[in-house]
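A short worksheet on the structure shown next.
Every number in this text was worked out from the coordinates using simple rules, so none of it is lab data. Predicted model, so just to flag it, every value in this text is computed and none were measured. Methodologically, a virtual Cβ is constructed for each residue, glycine included, from the backbone with ideal geometry; neighbour enumeration extends over all protein chains shown.
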Amino acid sequence: VQLVESGGGLVQAGGSLRLSCAASGLSFSRYVMSWYRQAPEKERELVAVIYDTGRRINYADSVKGRFTISRDNAKRTVNLEMNSLKSEDTAVYYCKAEWSPNTYWGQGTQVTVSS
């Protein structure tokens, strides 16, 4: 199983980035897909989660109204559209796939927001 994130980078506050996670080696449409992030010296936290069909979605309060998670089961990808970025969004962003009892993580992609 592989989860490969892409799309991170350096952006100014107020800007946008689109993260993508490409999955292989798993029955993608069965998996709950999530984006997490971890800032320096902080615990990893859930950013957004999208369930198998894509109809059920949840966001962390800190990103509601600014971030949008989506998935394409045919392409085996999950995306995170991030708008109105703030300096506090700076973190390594991780893709996670979960379908009990299996859990897989990507290697992470750095997002840095300059103020």
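Taken one residue at a time, the phi angles of region 14-26 give Karplus couplings (6.51, -1.76, 1.60, θ = phi - 60°) of x, x, 9, 9, 10, 9, 10, 10, 9, 10, 8, x, 9 Hz. Gly and Pro are set to x.
The H on the amide N of Asn73, modeled in the peptide plane, is under 5 Å from the matching H of no residue at least 5 residues off or on a different chain. May I ask for the net charge around Gly106, where only other residues with Cβ less than 14 Å from the Cβ of Gly106 are counted and Lys, Arg are +1 while Asp, Glu are -1? Taking every Cβ under 14 Å from that of Gly106, the sum is +2. When each of the peptides 61-67, 46-52 is scored by how many other beta carbons lie within 10 Å of its residues on average, the order from highest to lowest is 46-52, 61-67. Each residue, Val4 and Ala39, gets one label point 7 Å from its Cα in the Cβ direction; the gap between the two is 3.1 nm. Centroid-to-centroid, using Cα positions, region 63-115 and region 1-56 are 2 Å apart. Between the amide H of Phe67 and those of Asn83, distances stay under 5 Å, these residues lying 5 or more places away or on another chain, with hydrogens modeled in the peptide plane.
Evaluate the relative contact order of region 1-71 (contact order divided by residue number), counting alpha-carbon pairs under 8 angstrom at least 6 apart; express in whole percent. For region 1-71, the relative contact order is 21 percent. If R0 is taken as 25 Å, the Cβ-Cβ distance between Val32 and Gln110 corresponds to a FRET efficiency of 0.55.
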